[in-house]
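What follows is a single structure, written as structure tokens, with notes after it.
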Amino acid sequence: MRSLTRNTSALALAIALSPGLLAAETLRFAGAGDVFSMDPYVVEEVFTSGFLGNVYEGLIRRGPDLEILPALAESWELLSPTHWRFHLREGVTFHDGSPFTSDDVLYSAERVRSGASDFKNRLAADTQVVAVDDYTVDFITTEPNPILHFTWANWYIMSRAWGEANNIGVPDKGSEVENYATLHENGTGPYVLTTREPGVRTVLKSNPNWWGAGTVPGNVTEVEYTPVPNAATRVAALLSGQLDVVYPVPVQDMARIEATPGAHVEAGPEVRTMYLTMNQWRDTLPGYPVEGVNPMKDRRVREAVYRAIDVEAIRDKILRGQSSPSALMVAPGVNGYSADFQRYPFDPEASKALLAEAGYPDGFSMTMQCSNDMYVSDEAICLAVSNMLAAVGIDANANVQARAQYLEAILAPNMDFGLAMLGTTPASLDSHIALYSLHMCPRVSPEGEIWALEDQSKIVAGKSNFAGYCNPEVDRLAGEILRETDVDTRNDLIHQAWTITTDDVAYIPLHQTWAAWGVREGVDIEVRADNILDWRYITIEQ
């Protein structure tokens with residue numbers, strides 16, 4: 001081992017993966033699920049965002065070691081504590097041949113903060129975006145923000161002319177009517193979409209007019225992506241030479257791939273933290289038989305759930321050692337992470353005592369939503385957690401679904417879960433975004449109007465806080481963290497916030513898994529700790 005939705009029919013899969021039909025520089029790539037949408041603002045999900053990062057570009061990007069690098073902005077400077085100036089790259093064109101200018105940045109700033117955009121936290125609603133000239137843009141904030149651009153690697157810039165000509169409107173992931181950007185694209189990136197068949201295949205070719213040609217080592221001229229939900233089918237296709245790269249590789253198949261000539265595994269720890277979210281929002285816990293009762297609102301119950309889960313058993317028996325148990329909602333490598341924090345120990349007897357103290361001596365029932373194609377061994381982990389909870393009297397009815405159905409169930413307006421497993425990778429690689437998105441009281445405006453379920457399109461702070469966790473002191477600290485420019489003071493504020501959220505049992509952090517990619521010999525890839533595959537760095541032997 002090297003460190004670092006729709007199911008297709010068997011016939012369609014065989015045709016899509018047929019060897020000998022593709023050129024030497026074609027990357028044949030398969031994953032468990034499909035890209036959610038080609039609209040880059042619709043859903044913030046690692047795979048979709050990473051995929052689109054080969055088509056669209058931001059003002060900055062992350063390099064192989066997750067360092068911040070220039071992209072559509074060549075440089076930037078801080079003119080005052082609240083005034084940033086970005087100097088844009090000249091000579092860049094969108095895939096339709098139109099020039100990239102500051103007006104496209106303004107359009108993207110408008111659109112990313114509109115409708116049901118999943119990226120509203122990339123740019124505060126009160127931040128002014130001003131075009132100084134065609135290739136200079138100013139960002140004027142109301143308060144200092146030393147990490148303004150840290151999350152912008154996946155805030156992709158869109159063309160105003162293209163968006164308005166095709167009437168793509170505002171991002172909307174809930175509408176049954178797809179906009180033009182759902183199936184089409186017009187980015188500035190190194191790859192151009194040629195075929196989009198949702199759930200079947202997506203084909204892209206290299207952009208001959210890409211501004212960065214010759215600056216990266218890759219030689220991939222075409223990418224054919226096929227969603228293959230069945231892990232055994234993915235691995236078999238890799239081992240038979242029908243695929244070049246597959247993800248994810250189940251932990252139980254890693255040794256077999258390594259033992260097979262012509263294939264190997266690229267693996268390493270992720271900065272993504274897997275966690276359980278507990279529905280503290282609804283007055284009635286989904287799956288609980290009594291109307292108007294939600295046990296998860298009681299901190300003692302949340303700690304009882306925490307103490308009932310044996311993360312070491314999950315690591316050893318399900319993930320075969322390929323995970324690191326976590327006490328925090330951020331991973332090592334994210335600013336603000338601290339080894340000072342410890343997990344609540346696995347203790348079923350203490351869990352039962354807490355349940356009895358909270359008024360549930362016989363436990364209770366709830367709905368547990370589980371995905372089976374989003375994360376490494378997600379179904380197995382979910383079922384294991386359900387069994388562990390049953391041992392302390394909690395009947396967590398596990399509902400296992402494919403990604404699309406799973407997300408529909410847990411996201412607003414449905415929020416049909418008592419417990420659900422998700423993963424989080426702070427886009428800024430800083431604790432603030434995890435506090436801002438996951439822990440701040442969900443609101444719809446800086447003035448503090450509380451978010452109603454039907455108003456998801458307006459959400460600002462707490463946009464990923466599906467738990468409904470709310471502690472005003474955490475909100476206050478998050479605001480101070482954003483404004484503070486002294487590093488030591490800022491890190492102390494972060495430590496204070498994590499102390500509160502850990503004591504509140506806002507969530508149950510589980511672990512950081514190891515990302516495992518199956519790779520054909522002769523193919524060289526760079527697997528990043530944020531689990532994004534950058535095609536520009538892939539080389540295929542001739």
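The values are calculated or read from the model by the stated rules, or taken from the named source; none is laboratory data. Keep in mind that what you see is a predicted model, and the values were worked out from it rather than measured. Quick reminder, even Gly has a Cβ in these numbers, built from the backbone with ideal geometry, and neighbours come from all protein chains shown. Accessible surface areas use protein heavy atoms only, side chains included; no ligands, DNA or RNA. Shrake-Rupley method; radii C 1.70, N 1.55, O 1.52, S 1.80 Å.
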Tally time: how many residues in the stretch 477-487 are assigned to a helix (DSSP H, G or I) and surrounded by 14 or more Cβ atoms within 10 Å (Cβ to Cβ)? 7
Tell me yes or no: at least one residue of the stretch 163-176 is open to solvent by less than 30 Å² (accessible area, probe 1.4 Å), out of contact with any His (no Cβ under 6 Å at 6 or more places or on another chain) and not in a loop (DSSP other than H, G, I, E, B). yes
Report yes if Arg315 is part of a loop (DSSP other than H, G, I, E, B), among the charged types (D, E, K, R) and within 26 Å of the chain's Cα centre (by Cα), otherwise no. no
Within the stretch 189-246, residues being of a type outside the set (A, V, I, L, M, F, W, C) and under 11 Å from Arg28 (Cβ atoms) number 8
Within the stretch 93-119, the residues that are in contact with a strand residue (DSSP E or B) (Cβ under 7 Å, 6 or more places away or on another chain) and aliphatic (A, V, I, L, M) are Val105, Leu106, Ala109
Could you please find all residues in the stretch 34-52 being touching a helix residue (DSSP H, G or I) at 6+ places or on another chain (Cβ under 6 Å) and either closer than 16 Å to Thr151 by Cβ or open to solvent by 10 Å² or more (accessible area, probe 1.4 Å) (or both)? Phe36, Pro40, Tyr41, Ser49
Which residues, counting only those in the stretch 323-333, are part of a loop (DSSP other than H, G, I, E, B) and buried (at least 20 other Cβ atoms within 10 Å of the Cβ)? Ser326, Leu328, Met329, Val330, Ala331
From the list Thr188, Thr233, Thr194, Thr221, pick out the single residue that is at pLDDT 95 or above, open to solvent by 20 Å² or more (accessible area, probe 1.4 Å) and closer than 15 Å to Tyr56 by Cα. Thr194
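Out of all the residues in the stretch 337-355, which are among the polar types (S, T, N, Q) and either in contact with a Cys (Cβ under 8 Å, 6 or more places away or on another chain) or assigned to a helix (DSSP H, G or I) (or both)? Let's see the steps before the verdict.
At the first step, the residues of the stretch 337-355 found to be among the polar types (S, T, N, Q) are 338, 342, 351.
Correct list: Ser351 only.
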Could you list, ordered by first residue, the pairs with Cβ atoms under 6 Å in which the first is in the stretch 388-402 and open to solvent by 30 Å² or more (accessible area, probe 1.4 Å) and the second is part of a strand (DSSP E or B), at least 6 apart or interchain? Asp395/Ser365; Asn397/Thr367; Ala398/Met368; Ala398/Cys370; Asn399/Gln369; Val400/Cys370
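Let's see how each residue does on (1) in contact with a Leu (Cβ under 6 Å, 6 or more places away or on another chain); (2) open to solvent by 10 Å² or more (accessible area, probe 1.4 Å):
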position: Pro261; (1), (2): no, yes
position: Val265; (1), (2): no, no
position: Pro286; (1), (2): no, yes
position: Ala308; (1), (2): yes, no
Might you check whether a residue that is modelled with pLDDT under 95, polar (S, T, N, Q) and in a loop (DSSP other than H, G, I, E, B) occurs anywhere in the stretch 124-135? no
Among the residues of the stretch 209-227, is any assigned to a strand (DSSP E or B) and of a type in the set (Phe, Trp, Tyr)? yes
Exactly one of (1) surrounded by fewer than 21 Cβ atoms within 10 Å (Cβ to Cβ); (2) among the aliphatic types (A, V, I, L, M); (3) part of a helix (DSSP H, G or I); (4) touching a Phe, Trp or Tyr at 6+ places or on another chain (Cβ under 8 Å) is unmet by Leu438. Its number? (1)
Could you grab the pairs with beta carbons closer than 8 Å, sequence gap of 6+ or different chains, first residue in the stretch 460-477 and more than 22 Å from Ala409 (Cα to Cα), second one in a helix (DSSP H, G or I) and open to solvent by 20 Å² or more (accessible area, probe 1.4 Å)? Asn471/Ile500; Asn471/Asp504; Glu473/Ile500; Val474/Ile500; Leu477/Gln496; Leu477/Ile500
Pick from Val293, Val251, Val228: which is in contact with a Leu (Cβ under 8 Å, 6 or more places away or on another chain), more than 23 Å from Pro64 (Cα to Cα) and modelled with pLDDT under 95? Val251
Between residues in the stretch 342-354 that are surrounded by fewer than 16 Cβ atoms within 10 Å (Cβ to Cβ) and residues that are not β-branched (Val, Ile, Thr), which pairs lie under 6 Å by C-beta distance while being six or more apart or on different chains? Gln342/Ala327
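Condition first: among the aliphatic types (A, V, I, L, M) and not in a helix (DSSP H, G or I). Now tell me which residues in the stretch 380-402 satisfy that. Steps first, answer last, please.
First, pick out the residues of the stretch 380-402 that are among the aliphatic types (A, V, I, L, M): 380-381, 383-385, 388-392, 394, 396, 398, 400, 402.
Listed by number, the residues that qualify are Ala391, Val392, Ile394, Ala396, Ala398, Val400, Ala402.
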Being touching a strand residue (DSSP E or B) at 6+ places or on another chain (Cβ under 8 Å) and open to solvent by 40 Å² or more (accessible area, probe 1.4 Å) is the filter here; which residues of the stretch 60-81 pass it? Arg61, Ile68, Leu69, Pro70, Glu74, Ser75, Trp76, Glu77, Leu78, Leu79
Close pairs (7 angstrom Cβ cut-off, 6 or more residues apart or separate chains): on the phi > 0 side of the Ramachandran plot in the stretch 275-292, open to solvent by 50 Å² or more (accessible area, probe 1.4 Å) and among the polar types (S, T, N, Q) anywhere: Gly287/Asn397
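Can you pull out every residue in the stretch 403-428 that is in a loop (DSSP other than H, G, I, E, B) and surrounded by fewer than 17 Cβ atoms within 10 Å (Cβ to Cβ)?
Residues of the stretch 403-428 in a loop (DSSP other than H, G, I, E, B): 411-418, 425-428.
Matches in the stretch 403-428: Pro413, Asn414.
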Residues in the stretch 288-306 that are out of contact with any strand residue (DSSP E or B) (no Cβ under 6 Å at 6 or more places or on another chain) and crowded, with 20+ Cβ neighbours inside 10 Å: how many? 5
